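The values are calculated or read from the model by the stated rules, or taken from the named source; none is laboratory data. Given the structure is predicted, the values throughout are model-derived calculations rather than measurements. Here the Cβ is made from the backbone with ideal geometry for all residues, glycine too, and neighbour counts use every protein chain on show. Just the protein is used for accessible areas: all its heavy atoms, side chains included, with ligands, DNA and RNA removed. Shrake-Rupley method; radii C 1.70, N 1.55, O 1.52, S 1.80 Å.
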Amino acid sequence: QVQLVESGGGLVQAGGSLRLSCAASGRTFSDYAMAWFRQAPGKEREFVAGINWNGGNTLNADSVKDRFTISRDNAKITVYLRMNSLKPEDTAVYYCAARPWHISYYAANYDYWGQGTQVTVSS
């Protein structure tokens, strides 16, 4: 089992920044690829960014490319999502997820999920 706890969400004005954190516990964190997904009201959960087990590969959704950066600190067993130039359309609940080794764009491929943290961007 891997337990994931997100933090860092909140209310921010458009153009602002936030950094989300996802603290992991349980099995060996460094064996897992980590990802951030988000879900807005009435919409499906969508991939935001992912990082593979050793941090050597990252992927971003086109909608957040050049604005969001995912990173991980295996010593602190934490993954981060730095979000810059936030837009109202970024408003959603953001979830951290884990799966073995390699990134996937598909939520169904992730084994472990956090409870989510709300991000609200006002115009």
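Annotations for the structure displayed:
- Most fluctuating residue given options V93, V48, V79, as computed from a GNM of the chain linking Cα atoms under 10 Å: V93
- Sorted into 10 angstrom bins from 0, the C-alpha pair distances of the stretch 1-72 split as 17, 48, 30, 5 percent.
- Top of T69, T28, T91 by mean-square fluctuation, Gaussian network on the chain, Cα under 10 Å: T28
- Accessible surface, the chain, averaged per residue in Å² (probe 1.4 Å): 51 Å²
- Rg ratio (alpha-carbon, reference 2.2 N^0.38 Å) - the chain: 0.97
- D90, D31, D62, reordered so the largest accessible area comes first (probe 1.4 Å): D62, D31, D90
- To the nearest 10, the accessible area of S123 is 140 Å² with a 1.4 Å probe.
- Compared with the alpha-carbon gap, the fully stretched path from S122 to S71 is longer by 15.8 nm at 0.36 nm per residue.
- When the chain is treated as a Gaussian network with alpha carbon springs shorter than 10 Å, the biggest mean-square fluctuation among A49, A75, A33 belongs to A75.
- Between the beta carbons of H102 and S63, assuming R0 = 22 Å, the FRET efficiency works out to 0.50 to the nearest 0.05.
- Portion, in percent, of the accessible area of the chain that falls on carbon or sulfur, probe 1.4 Å: 46 percent
- As an equivalent ellipsoid, the stretch 61-111 spans semi-axes of 21, 15, 10 angstrom, where each value is the square root of five times an eigenvalue of the C-alpha gyration tensor, largest first.
- For the chain, leaving out every one of the trypsin sites (Lys or Arg not before Pro) that falls in a DSSP loop and has at most 12 other Cβ atoms within 10 Å, the longest unbroken run is 77-123.
- The slack between W113 and S25, meaning 0.36 nm per residue of separation minus the straight C-alpha distance, is 30.5 nm.
- Put a plus charge on the Cβ of each Lys and Arg, a minus charge on the Cβ of each Asp and Glu, and nothing anywhere else: the dipole of the chain about its Cα centre is then about 160 debye.
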